[in-house]
Amino acid sequence: MPQYAFLILPAFNRVYGESAPRLTRSELTVFAGRALPDGVSGIEERLIGGLPYVTFETAGPLGADEVARLSNLSSVYALFEREGELLRPLTMRPLDRLSSDLITIQKYAGKTNEHFTKLLLNVTALATDFPMDARLSVFDPMCGRGTTLNQALMYGYDAYGVDVDAKDFEAYSGFIKKWLRDKRLKHTAETVPVRRERALVGRRLQVTFGLTKEAFKAGDTQHVSVVNADTLRSREFFKPGTFHLIATDAPYGVQHGSKGGSGLSRSPLELIAKAAPVWAGLLRPGGALGISWNTYGGTRDDLAAILASAGLDVVAYPDFEHWVDQAIVRDIMVARKPA
């Protein structure tokens, strides 16, 4: 059987770097089940030349399309075919279509690890009925300063978000506008008030850009739309059945509690319980919702019951639980909206 090896991407965050090989094993299991027709076997962590790898076997040689799919794993730096003690590099073709500094340039306290954000987006996209390389629409209902939105843009998706924190809204608006100017990408960007019956209910950032002037002129563009408002009011700003997938990193209830402007406690599950029916209504049939959360704030069974009560089917995924710090153990749950 053909044998392969992933070299794990070095992580600036030491703690996450220690978890990356194990999380890659779980992520590869998801890719194999949904994106590789013949699956994989013998997934193992091992050191080769003193560096961390994840190795696996396939029933037959990987084709170019399969290598391209695997190129998107969140913590993978390179893919090799193993021939005895030798490693032969394979040409990777990830979906990424923008400069990587869109993801890495922002530095601020509380930022979600970029590799983990990509992992969350990947496993959520793979749970949908839609091809991962299609033009998908992604919604982050607690988008903060836009890490998930930016990863969606990297993949060529359209990105939408809501966040109640005015400072985060301003920070992301300023960042994405400056980034587009610095990259000299043809674009339009404006921030406009949103009113209902003459009352101001929020602000909306609206961005449209193309990879080239010619693409922009031809209408080959990507879109970003972010609203500064309470996530529980998301249905006021976006139409039902709009999004292919929803991916969000829930507040951990440690540093900043569960933001939502609704008098909720510091438990993220209380916020999710109120918001899940709203978010589910925004998903297309066959779409999926992926949430990461601090397990100290609620169990898997608790979160699964909340998502089920919102009409979603929880997906049986492998273990993504990992230690972040003494107050945070993070995990992922994905649920589908029935087609």
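The values are calculated or read from the model by the stated rules, or taken from the named source; none is laboratory data. Predicted, not measured: the structure shown is a model, and the values here were computed from it. Glycine also receives a Cβ, built like all others from the backbone with ideal geometry; neighbour counts cover every protein chain displayed.
Some values worked out for this structure:
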quantity	calculated
Single residue of V138, V54, V76, V123 found to be under 20 Å from S19 (Cα atoms), of a type in the set (A, V, I, L, M, F, W, C) and not assigned by TED's automatic domain parsing to the domain that holds R22	V123
Output for region 163-185, where each listed residue is within 22 Å of D249 (Cα to Cα), of a type in the set (F, W, Y) and either surrounded by fewer than 16 Cβ atoms within 10 Å (Cβ to Cβ) or touching a residue at least 60 places away in the same chain (Cβ under 8 Å) (or both)	F175
Residue ID - modelled with the lowest pLDDT, chosen from residues in region 319-333 that are within 16 Å of P268 (Cα to Cα) and part of a strand (DSSP E or B)	I328
Enumeration of residues in region 64-92 that are small (G, A, S) and surrounded by fewer than 11 Cβ atoms within 10 Å (Cβ to Cβ)	A64, G84
Pair list, Cβ under 9 Å, 6 or more apart: region 1-14 residue free of Cβ contacts under 8 Å to residues at least 60 places away in the same chain and closer than 11 Å to G60 by Cα, other residue of a type outside the set (S, T, N, Q) and not in a loop (DSSP other than H, G, I, E, B)	M1/G42; M1/E57
Tally, over region 270-292, of residues that are of a type in the set (A, V, I, L, M), under 18 Å from D230 (Cβ atoms) and either surrounded by 23 or more Cβ atoms within 10 Å (Cβ to Cβ) or in contact with a Ser or Thr (Cβ under 6 Å, 6 or more places away or on another chain) (or both)	7
Some residue of region 300-317 being in the same structural domain as T248 (by TED's automatic domain parsing) and assigned to a strand (DSSP E or B)	yes
Test for S19: is it outside the structural domain of S292 (by TED's automatic domain parsing) and in contact with a His (Cβ under 7 Å, 6 or more places away or on another chain)	yes
Criterion: modelled with pLDDT under 95, within 19 Å of A335 (Cα to Cα), within 21 Å of the chain's Cα centre (by Cα) and of a type outside the set (D, E) - qualifying residue of L245, L271	L271
Restricting region 105-135 to residues that are among the charged types (D, E, K, R) and not in a helix (DSSP H, G or I), the residue that is farthest from Y77 (Cα to Cα)	D129
Test: residue in region 309-317 that is touching a strand residue (DSSP E or B) at 6+ places or on another chain (Cβ under 7 Å) and crowded, with 23+ Cβ neighbours inside 10 Å	yes
Selected residue (only one of V54, V30, V15 is farther than 17 Å from D331 by Cα and either surrounded by 20 or more Cβ atoms within 10 Å (Cβ to Cβ) or of a type in the set (A, V, I, L, M, F, W, C) (or both))	V54
Within region 38-73, tally of residues that are outside any strand (DSSP E or B) and closer than 21 Å to L119 by Cα	10
Which numbered condition G241 fails, given (1) out of contact with any Leu (no Cβ under 9 Å at 6 or more places or on another chain); (2) at positive phi	(1)
Qualifying residues in region 104-135 (those that are of a type in the set (G, A, S) and farther than 18 Å from I291 by Cβ) - the one modelled with the highest pLDDT	A134
Some residue of region 224-243 being in contact with a helix residue (DSSP H, G or I) (Cβ under 8 Å, 6 or more places away or on another chain) and within 21 Å of D101 (Cβ to Cβ)	yes
Some residue of region 100-118 being farther than 29 Å from A335 by Cα, surrounded by 13 or more Cβ atoms within 10 Å (Cβ to Cβ) and not aromatic (F, W, Y)	yes
Qualifying residue in region 74-85 (condition: touching a helix residue (DSSP H, G or I) at 6+ places or on another chain (Cβ under 9 Å), assigned to a loop (DSSP other than H, G, I, E, B) and within 19 Å of P318 (Cα to Cα))	yes
Where a residue in region 291-305 is more than 13 Å from V329 (Cβ to Cβ) and its partner, wherever it lies, is hydroxyl-bearing (S, T, Y), with Cβ under 8 Å and at least six apart	I291/T248
